[in-house]
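See below for the structure under consideration.
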C-alpha cells in the first residue's frame, strides 16, 4: 500500500470583509500616527502654528501690567478652521490662517495664572487690514473668570459634527453604492472629492463665474468623469473577469496619479472658494452658525432626501438596490446590470464632487490632497453603517462626524480622527456587517 500522508486541516479562508477591515485599519493607523511620530522626533514651537502652511498669520499678544504672560493657550477659529497655540516667554503666539476673512481669537482663561483674568473682550474679533491681520492683544488684570459652560461647548461642537457628518454622508453614499453594485473598494474616490472642489475653483475664481453656477458645473463634471472612468477602465476589466483585489490595487495607483495631477495644476498651496469663512450668527442659545454653514447643511439635506427618494420610489433606484443586494439574481431577473452600474458610477461621482465643494468650505480651502484627508473617515462611515448600504452609510457618516467634532472636548483637535479609528475597530470586532448591514455567508 502507498504510504498515507497525514491529514492536515485546510486553513479557513479569510472573509473579504475581514481583509478589507484589516487593510483599512492598517492604513488608518499609519495615517494617524505617522505624523504624530514625526512630530515627536522633531517637536515644533507651540507658539508658531501653521505659519509655513498658510500665507496669512495672526499674531496674539498677552500682557499683564505691561508684562508678557507665557504658557497661555489661545484658539483661533473661523469658517470651520481652528488652530491653537501657546504663548512664548514674550507673551506672543502666531497662528497661520487660510483666508483673509474675520477670525475669532479665544484666550483659554484656565491657562492663566491664579487670580488673573481678561479685562477686555474674549474672544477677540481680528480682521484683515490692507496687507496683514491686525494683532490680537489681550490685557489681563485681577478679577473673577467667566468661562463658557460645558453645555455651550458641547452644543457648538455637536452642530459642527452634524454639518461635517452631512457633508461626509454625500461622499460615503457614493462609495457605498459603488461597492454594493460592483464589489470594488475604490480608493480613488478621494480624488473624485478633490476633483469637484477643483472644478468649482476653476469656474468661480479663474473664470470668475457665479459660485452657484460653478457648483452645478462641478457636480455635472464629476458625474461625467465617473462615467468616463467606468467606460474606459472598469467596464473592460469587469468583462475580463479581473478579481476585486487586483482592481482595488489599481484604484490605489489611480489615487496617487490623480493626486499629483491636481498638484501639477493648482500647486501645493491652499486656495479659497468665494465667500469662504465669515462670521457666525447667533441662532438659538449657544448655537452659532455662519451663512456658509447653514447653506451647506441645507444643500446636504436636500440632496440626501433626493437620493433617498430615488432609491425608494423610482424604478432605477429599486434596480440599484436589487443589484447591490444580489448582482447575479438581479441579472437573472431581467435587470440591465451594466446600465445600473453606469448610473451608480455617475451618481456616486457626482455626490463625491458635491461633497468636495462643501468640504472646501468646511476646512476651509482647496488643496491637492484634500480628498485623501477624509478618505479613511469615509471608509469608516461605510463600514460602520454596513458595506453596500446607502442608508447605512448615511447613518455611519453622521455618527463619525459628530464623534470627531465632539471628541475635541476631551482630546486635542490634532488627533480627533483617532476616535473614528476606535469606532472602526470596535465595529469590526463586534458587528462586522455594520449597523444596517446583513450577515453574508462566505464559502
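The values are calculated or read from the model by the stated rules, or taken from the named source; none is laboratory data. Everything numeric in this text was worked out from a predicted model, so none of it was measured. Quick reminder, even Gly has a Cβ in these numbers, built from the backbone with ideal geometry, and neighbours come from all protein chains shown.
What to note about this one:
- Of the residues contained in region 369-381, none is found to be under 28 Å from residue 83 (Cα atoms) and touching a strand residue (DSSP E or B) at 6+ places or on another chain (Cβ under 8 Å).
- Selection status of residue 426, more than 30 Å from residue 266 (Cα to Cα) and surrounded by fewer than 19 Cβ atoms within 10 Å (Cβ to Cβ): yes
- Any hit, region 94-105, residues being assigned by TED's automatic domain parsing to the domain that holds residue 59, under 25 Å from residue 161 (Cβ atoms) and more than 25 Å from the chain's Cα centre (by Cα): no
- Among the residues listed as 350, 397, 393, the single one being touching a helix residue (DSSP H, G or I) at 6+ places or on another chain (Cβ under 6 Å), modelled with pLDDT under 90, assigned to a helix (DSSP H, G or I) and within 15 Å of residue 171 (Cβ to Cβ): 393
- Hey, residue 267 under 29 Å from residue 198 (Cβ atoms), in contact (Cβ under 8 Å) with a residue 60 or more places away in the chain, assigned by TED's automatic domain parsing to the domain that holds residue 177 and surrounded by fewer than 18 Cβ atoms within 10 Å (Cβ to Cβ) or not: yes
- Out of 227, 209, sole residue that is outside any helix (DSSP H, G or I) and at pLDDT 90 or above: 209
- The sole residue among 331, 380, 324, 360 that is under 14 Å from the mean Cα position of the chain (by Cα), part of a helix (DSSP H, G or I) and at pLDDT below 90 is 380.
- On the stretch given as region 253-301, residues that are modelled with pLDDT of 90 or more and more than 21 Å from residue 210 (Cα to Cα) total 14.
- Listed here are the strands (runs of 3 or more DSSP E) enclosed by region 4-120 that have at least 1 residues being modelled with pLDDT of 75 or more and more than 28 Å from residue 365 (Cβ to Cβ): 56-64, 116-118.
- Selected residue (criterion: farthest from residue 157 (Cα to Cα)) from residues of region 61-79 that are crowded, with 23+ Cβ neighbours inside 10 Å and under 29 Å from the mean Cα position of the chain (by Cα): 74
- Residue-level check: of (1) in contact (Cβ under 8 Å) with a residue 40 or more places away in the chain; (2) within 19 Å of residue 294 (Cα to Cα); (3) surrounded by fewer than 23 Cβ atoms within 10 Å (Cβ to Cβ), residue 225 misses just (2).
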